[in-house]
Amino acid sequence: MLAKILETPFGISKADWKLRFNDKDWFPDHPTQNASGFTDQVNEKDVHVVGYFVPDEYEDRLTRIVISFEGLEMDIQRKFLYQHYLKTLSAEYDKHTVKEMVGRIDELCISEMTIWFNEQSVISLCLVLHENNESNPGVYLAIGSKTQDPVSKTLLHLEPKQEDDKKAIDLVFSSKRSAPARFSQNHSRTQSFCIDFNQLKKEADEIMAAQAWGAIGYYLTEKTPLEQNQFLAVLKIGEDIMIGAFIATKINEEKTSLLKQKIIQKNTNLFSDDIPNLGRILDADEVQRYLSHCQEFGIDTARNNR
């Protein structure tokens, strides 16, 4: 059902939209928002599916679809569902889209958001927790036309610049460190990523090096038994994601693609002979939480002007 919704072509009329899902329980059209929707179940979860339209020369045309998972009672359920669809959508979209991870947006009461950009569409997954928005908590999945949907157009400024992505990747993998950053020295820096980037000051370099090392013991517990080479590989990837987040944020002076999947893929290729099962290791929930922490810490450090 989810695939059928996401594969619905933009530009169809309201009549065709209703015909495509003619077996559903439709609620009255919204006159001021020019919207038409129905209730359904996706993976045994109650959802509202709403199509938004804009006037064309002769009739209204579909430009955006929003799926709302609103029947969840606790924030822990919302977080679990968000992570579930983050994995599902990443498997589908990461290969042929540009991905942007966005943290909490207080002015919109959004707790977390992930956005994918491709040639035609903007796909967004939003987590709204009760602690941030008491009136409309839930998980919201939307897909909109890049050229026709007014909401999607407001998100285009977040689309990463590819040349900046490449510069960040090149800098991340220019590091000459042969040990974890926590134990690597670079001139007067006793902890360092050993990267030549003018905006990477001594304080930020040392703080992030210490954080990547210190946090891995918190996130990876006895539930994630790793051999030494596996542990060091996960640590390096976390370090690379953290410094990549820092560099990319500094380059664009606003949140940019953190290149998480590209960094993971490049490292997976580098370690393919020694650790052939690294991809499976990186899929573990504890490892994913560690990598996400590294990503967020890199952004925060860049934002704090260290």
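The values are calculated or read from the model by the stated rules, or taken from the named source; none is laboratory data. Model, not experiment: these values are computed from the prediction. Note that we place each Cβ from the backbone using ideal geometry, even for glycine, and neighbour counts take in every protein chain shown.
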* Structure fact -> Of the residues in the range 164-174, those that are within 14 Å of D240 (Cβ to Cβ) and without any contact (Cβ under 8 Å) to a residue 60 or more places away in the chain come to D170, S174
* To do: Keeping to the range 53-82, report how many residues are small (G, A, S) and more than 27 Å from the chain's Cα centre (by Cα).
  => 0
* Asked: Which of the following residues is within 28 Å of M113 (Cβ to Cβ) and in contact (Cβ under 8 Å) with a residue 60 or more places away in the chain: I216, I264, I241, I237?
  -> I216
* Selected residue [in contact with a Phe, Trp or Tyr (Cβ under 9 Å, 6 or more places away or on another chain) and hydroxyl-bearing (S, T, Y)] from S184, S192, S188 -> S184
* Structure fact -> How many residues of the range 275-287 are closer than 22 Å to F193 by Cβ and either under 13 Å from the mean Cα position of the chain (by Cα) or modelled with pLDDT of 90 or more (or both)? The answer is 2
* Meets criteria (in contact with a Leu (Cβ under 7 Å, 6 or more places away or on another chain) and among the basic types (K, R)) for R64 -> no
* Name the residue, out of F10, F38, that is hydrophobic (A, V, I, L, M, F, W, C), part of a loop (DSSP other than H, G, I, E, B) and either within 16 Å of V66 (Cβ to Cβ) or out of contact with any Lys or Arg (no Cβ under 9 Å at 6 or more places or on another chain) (or both). => F10
* Under 7 Å between Cβ atoms, at least 6 apart or on separate chains: pull out the pairs that start in the range 2-22 with a residue that is closer than 13 Å to I123 by Cβ and end on any residue that is surrounded by 15 or more Cβ atoms within 10 Å (Cβ to Cβ) and of a type in the set (G, A, S). => F10/S145
* So which of T88, T39 is modelled with pLDDT of 90 or more, within 28 Å of the chain's Cα centre (by Cα), of a type in the set (S, T, N, Q) and surrounded by fewer than 15 Cβ atoms within 10 Å (Cβ to Cβ)? -> T39
* To do: Say whether the condition of being at pLDDT 90 or above and charged (D, E, K, R) is met by at least one residue in the range 28-36.
  => yes
* Would you be able to tell me the number of residues in the range 183-213 that are within 21 Å of R289 (Cα to Cα) and either surrounded by fewer than 20 Cβ atoms within 10 Å (Cβ to Cβ) or free of Cβ contacts under 8 Å to residues at least 24 places away in the same chain (or both)? => 3
* Where N252 falls short, out of the listed (1) surrounded by fewer than 21 Cβ atoms within 10 Å (Cβ to Cβ); (2) farther than 20 Å from W116 by Cα; (3) over 15 Å from the mean Cα position of the chain (by Cα) -> (2)
* Can you name the residue in the range 139-149 that is modelled with pLDDT under 90 and either closer than 16 Å to V66 by Cα or not assigned by TED's automatic domain parsing to the domain that holds L81 (or both) and is also nearest to the chain's Cα centre (by Cα) among such residues? -> K146
* To do: Check whether at least one residue in the range 194-211 is at pLDDT 95 or above and among the aromatic types (F, W, Y), and report yes or no.
  => no
